[in-house]
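Working notes for the structure below.
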Amino acid sequence: MSLLNTGLTGILSNQKALETTSNNITNANTPGYSRQRADFVSNPSQATGSGYIGQGVNVADIQRLNDEFINTQLRSDTTLHSEQTALVENLNGMDDLLGNEKTGLNQALTQFFGTLQDAAESPASSSLREQALNQADNLVARFKSVDSQLRSREQTVDDRISANLNEINSLADGIAELNLKIAESPGRASGRDANELLDKRDEKLRQLSELVQVQTNENNDGTVDVSIGKGQGIVSKGNSATLRLSGSTEQAGRREVLLEGVGRDRAITHEITGGALGGNLTFRDEILEPTLNGIGRIAIGLSERMNEQHQLGQDLNGNLGGNFFRDINSESLARGRITPSAETAESGDRQARVNITDSSKLDTRSYTLEFTGPDDQQYRIRDATSGELVKTGSISDSRPSTISMEGFEIELESGDFQQGDEFTIRPTYNGARDMATEIVAGEQIALAAPIRAEASSGNQGTGQITQGTMLNIRDPETGRRLDALDENGNLDPPMEIRFLSENRYEVVDVSDPANPKPLDPPMNNVRFEPGKTNTVFSGDPGSRTLTASGPAENGPTADPDSVYGEQNITIRTRDPETGVVSTQSPITINEGGDKESARSIADKLNNQRGVEATAYTEATLTPDPSNQGNNPDIEVALVEGGDVKDVTLNVNGPLTADSLNQAIQENSDFQSLGLSVTNDGDSVKLRSDRGEDIRISLDATNGAELGVGKPNPYGDGGTTGSETLSDGEQATVGGYVDTTLADGVRLTATDNPSPENFFDPAPSSDPAYKGFQFELSGNPEAGDSFRLETNEGGTSDNRNGLALGDLNAKNYLDNGNFSFTDAYGSVVEDVGSRTQTAQVDKEAAGTLMEQSQKQWEEQSGVNLDEEAGRLIQFQNAYSASSQVVSVARDLFNTLLGTFN
Amino acid sequence: MRVSTSQIFNQGIQQFQNLNAQQARTQEQVATGKEVLSPSDDPVASTRIVQLKDDLARSEQYQDTLDMTQTRLEREDGTLSSYTDALARTRELMVQAGSGSLSESDRESIAQELRQVKGQMVSLANTKGPEGEFLFAGFQGGEKPFGEDVSGNIEYRGDSGERSVQIDDGVTIKVNDNGRETFEAIPSDRPTFNTRAAQNNEGSGRISSGVVTDREEFEQFYPDDLVVTFDEVSGNTEYTVKSQRTGEEFISGEDYVSGNPIEVNGMRFEVSGEPKKDDSFTVTSGDQQSIFGTMEKMIEGLETHPNTPEGREALEDTIDQGLANLQNAEDRATEIQAGVGTRLNTVESTKEFLKDSDLLAQETLSDLEDVDYAEAISRLTQQNFTLQAAQQSFARISRLSLFDAL
């Protein structure tokens, strides 16, 4: 009997084996199918008197040949390969788009500067100007075109990300379902799992690994928990999570991967790594966005720099240049750089903008601004891609509040900013899209400069003046318009440089050419070094000029010591970078009530840092026409402390301006006083450009009276006071001190009005910086003059055009590392090397994946030849077993036959 | 080692794809002639290629500028040569005028020809450059730089602007000489004076250029200036001549007769036409004289100095002064023309230099960018061969199956 059974076991077992083999054969091409093998196990043998007799064979289990270690390896390599593949696919053609001469920006940039240089060569040519304008329009169009191509790639990759997320969701659902089925499958208890369910789950896991990095954790009940990326769980037994992509680009700036939750959806973009999804995200956030930012930065830097330089020029119609490109800080552009998160935007009242303050300092990053609490003022700014903390601080309650960053500032204009608010800041992202040309006609290109200089044809000396260079239209610190030029670009006022001697000149206002007036603030006594190149105006935008000569009524006096009180002058300097205020030790003037000369005061001031003082004295001697007397003697003395240098003039005949002048000319000692003399027929004016006191004494035994006056060198002129001298009287005229203070320097004086203050205790000063510069050189002589005028009709002037065409030669962007074309080249190179790296990495990853696949196939793949062999093997065994049955039947029949 | 059936097929298919891709790339290189097809092929070479193309474009730009500059400078050079010829003719005429025995009509004809030559010079000074701007106008190239003022004397209306252009990285050269340097601000050997009507004169008065009649007296007065003012007193037009510096009056309330000479402090000039009340004219002494001023004084001298001993002495002085100033004008012209010549040389040599640099850049560019055909084609042949071999071997191996033998 047992023979029959044994044979039957063989038949049945081999039948199962054959079924398994045929299953293998038919599933040879099913993806993820692991080959199965029937496990033959001997049946327990029966103990008999003759020993143990085997009871045949049994298929204990259909074994699935699958190694979890190999699975994990394969998934890991698949993730890497898919990630690189996604990168390569997204990058495809992008380097060509940017680098190609026809589609890229490089040629457009070069041509733009080229046509500007052409126009600068011939500023009167309207056809060259038109050409330059056309190239500008072309450049802008090209920027926009590249930008829109890149944005459509952004749209594409976002679509891909969205599709990836949908797939992940459905795979997660599928895995959760399979988990349940596997956990509930019959046979589980005895350790037998439904092989094809396992295959299916493994296949889903492998497909998932194509999308994102996957980690698995098997539970005792046969379910598998799945987490992706850096450990974000998406499947837990029979439950799966759902992911989606946030909002639209306009609203939130960047679209984030969200994990749908019970309360809020949580952004998990930073947690995602690996796979096609990881690759797509890396491409979008680490390559595409910086590329858009990089190109935007070039557009913004070019616009800012062109506009700055263009504003300094004059166009063909004689108007100031204005903006060449659209103003980068117009309201809509500034507001478009900062976007609130979806939640923050719900309240709708927050109004903020981002102003570019210095495009040379901009980088290509995007930022997030969060109000982290615990109050409504504290904020944190992070790099949007890496999450690195960039700045923390708190804002004040006043609006607007400004947060300064490198190259830009965040201005919170109005609204109720509070804890929990979040914003995305992308300073350069829209730069290319927002670029536009502002000028519309070639004649509006400002190739000329608005200023020029002319030497007077009567000049005796060899002095020369340059035509002038424009430096600024606005104060670089305050942004306020400088008033040396009016809105039409006219010099306001027109000025004239007049040499008083070989090394002193004054600059006067010649709005009325017949009546020159002192400048405001005055430049009455400026030093000149003959033979060297001298700059005429202050080059320091923060410098200020103040004047001191006591109150206006203070004129010449008989008793000089009674005039000014003692004062302490203190100079304070605020360092423009650190804001630290340093104070120098105060100086004392008119100590103990002893009057000091202007020269002495200026000398003391010049010892202080950041202060430049110049002193000069003027005295007018006006004879009285009704009392001219005869042969008077007039003593002119220069008083400097205790030092007196005097000369006595012997006037011949009645005292008139002319006879006095004659006496001066004829007196050989008078030269030694170093005074300049002018005679207008009514009075003689004496001037010292060093600032000593001038003392006049009259010795007129034969009558004659002399008026001594102190002219007002500022504002509307006139005289500040005068004394009339009779025989035996004297009067002393004190000087003026004009002081120029450097940026951040302030002067204060103590108050001692007994009887007068020389310096106003809190003197007001006026800006000395004009925003332009002229240079004087050579050896001018007294009486030489140079006119500074508006460049009217200057259609052949190309000074500003040269500067415009030269903008690309200087390295301006990225803190002075790149010119505009360099910066573009760098963007192209970055994309090119990322592409090359991705291609190489993809190949390497592909090789690794192939290896893993080979291993998997080796373990679990079906080899048809092998199965064919097995078919024969099991078929033989089946036949053999059926023979056994046949023999058993024969034995039985034989046995039966015995009984018949 | 076990190999599954799908492994065999996958591997084969993968290899075909690889070989096909490689072959396609080589073919593209051969077809376009470029080794570097996109920046990712060789990012470093790519950047260098872009830089070289930039350099070439910039160089082309400079060469354009150099061509334009050359044309302009050549035009200026030609004009200056003609001007120098005119100066030579003027010298001949002046020397002729200085030769002792001249009749009234001789003088007249010399003066006439001087007028003509002066007119020639003015139109030379008003030459236009290749783009239609006036060459010698400084920055104001849209307006004729030299024209007649109300008195018929030539005045300069341009400015002292100098224009430069960039001809190479960091290299600029001046491309113009303005009218002031070239024609106006010529040093005068001895002190001289220039006359001018005031800007806001309402009447139609004109003032002649004037001549020195008594050098000693004039040089004593120098460097003071004169102001001639007009007044209307009981229906009569009167004039006063006073010193600008001191206000001293030399001629007071004199009755005005149009065309009558006014002689003061060794100077003589004429006011003609109808000046109105408060009109004024200035006589500014200085040590510069434009070439036109020099010629105007010569002409006036010839026409107005009387044939008396003092008159002849004054004429001699005028001619001497004129010749000296003429020399200075010639020297100035030579100086300026030499400057133009130097600049033309610079332009020429810069063009040569740029051409040479271009050649070098082109070579380097070609090395980086162009494909080596011999290498590429042999590579293509090899890849082709490899692909064929792979296809054939695959065909063979894939046909083998145990099932066929069963």
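Worth a mention:
- Counted by Cβ distance under 10 Å from B:Ser290, the other residues give a net charge of -2, where Lys and Arg count +1 and Asp and Glu count -1.
- Label-point separation, A:Ser347 to B:Leu37 (7 Å along Cα→Cβ), nm: 5.6
- For chain A, the longest principal axis of the alpha carbon atoms and the long axis of helix A:820-860 meet at an angle near 10°.
- Per residue of peptide A:787-797, the mean number of Cβ atoms on other chains within 10 Å of the residue Cβ is 6.
- Normalised contact order of segment A:641-762, rounded percent, pairs of Cα under 8 Å and 6 or more residues apart: 17
- Aspartates and glutamates whose Cα lies under 16 Å from that of B:Lys276, excluding same-chain neighbours fewer than 8 positions away: B:Glu202, B:Asp231, B:Glu232, B:Glu238, B:Glu254, B:Asp255
- Charge dipole magnitude, Cβ of K and R +1, D and E -1 - the protein assembly as shown, Cα centre, debye nearest 20: 9060
- With respect to chain B, whose longest principal axis is taken over its alpha-carbon atoms, helix B:291-304 is tilted by about 20°.
- Counting only other chain Cβ atoms within 10 Å of each residue's Cβ, the peptide B:44-54 averages 5.
- Counting all C-alpha pairs of segment A:105-248, share separated by more than 21 Å (%): 62
- Between the Cα long axis of helix B:104-125 and the first principal axis of chain B there is an angle of about 20°, rounded to the nearest 10.
- Residues of segment A:419-452 with amide N under 15 Å of a point placed 7 Å along Cα→Cβ from A:Arg264: A:419-424
- Averaging 1/r over each pair of different alpha-carbon atoms in the protein assembly as shown and inverting the result gives 40.6 Å, the Kirkwood hydrodynamic radius.
- Using the rule -39500 (n - 2.57) for each DSSP H run of four or more residues, divided by the residues of chain A, the 222 nm mean residue ellipticity is -11500 deg cm²/dmol.
- Cubic angstrom per residue, convex hull over Cα atoms of segment A:698-816: 246
- Once the C-beta distance of A:Leu896 and B:Gln11 is scaled by a Förster radius of 45 Å, the resulting FRET efficiency is 0.15 to the nearest 0.05.
- Take the Cα of A:Arg480, step 7 Å toward its Cβ, do the same at A:Ser246, and the gap between the two points is 4.4 nm.
- Only DSSP H runs of four or more residues enter the estimate; each adds -39500 (n - 2.57), and after division by the residues of chain B the mean residue ellipticity at 222 nm equals -19500 deg cm²/dmol.
- Using θ = phi - 60° and Karplus 6.51 cos²θ - 1.76 cosθ + 1.60, couplings along segment A:731-739 (whole Hz; Gly, Pro as x): 9, 10, 10, x, x, 10, 10, 9, 10
- Calculated FRET efficiency, B:Gln388 to A:Ser22, Cβ-Cβ distance, R0 = 25 Å: about 0.05 to the nearest 0.05.
- Taking label positions 7 Å along the Cα-Cβ direction at both A:Asn811 and A:Thr701, the computed distance is 8.3 nm, reported to one decimal.
- Extension gain from A:Thr588 to A:Thr72, taking 0.36 nm per residue of separation minus the Cα-Cα distance: 177.1 nm
- A cut-off under 12 angstrom between Cβ atoms defines the neighbours of A:Asp797, and their net charge, with Lys, Arg +1 and Asp, Glu -1, is -2.
- For GluC sites (Glu not before Pro), the sites in segment B:238-301 that DSSP calls loop and that have at most 15 other Cβ atoms within 10 Å are B:Glu248.
- Within 10 Å of the Cβ of each residue in A:457-470, the mean number of Cβ atoms contributed by other protein chains is 3.
- Debye equation applied to the C-alpha atoms of segment A:609-735, log10 I(q)/I(0) at 0.13, 0.16, 0.17, 0.23 Å⁻¹: -0.49, -0.73, -0.83, -1.49
- Percentage relative contact order, chain B, counting C-alpha pairs under 8 Å, at least six apart: 22
- Sites listed here are trypsin sites (Lys or Arg not before Pro) in segment A:806-900 whose DSSP assignment is loop and whose Cβ has at most 14 other Cβ atoms within 10 Å: A:Lys810.
- Whole-Hz couplings from phi, Karplus 6.51/-1.76/1.60, listed for segment B:187-203; x for Gly and Pro: x, 9, 4, 10, x, 9, 9, 10, 10, 8, 7, 5, 4, 9, 5, 8, x
- Using C-alpha pairs below 8 Å separated by at least 6 residues, the relative contact order for chain A is 17 percent.
- Note on A:Ser886/A:Lys181: beta-carbon distance plugged into 1/(1 + (r/R0)^6) with R0 of 60 Å gives a FRET efficiency of 0.90.
- Loop-resident sites, segment B:156-219, for GluC sites (Glu not before Pro), counting at most 13 other Cβ within 10 Å (DSSP): B:Glu202
Values quoted throughout were computed directly from the atomic coordinates according to the rules given, and no laboratory measurement underlies them. Only a predicted model underlies this, so the values are computations on that prediction, with no experimental measurement involved. Glycine gets a Cβ as well: all are built from the backbone with ideal geometry, and neighbour counts include every protein chain shown.
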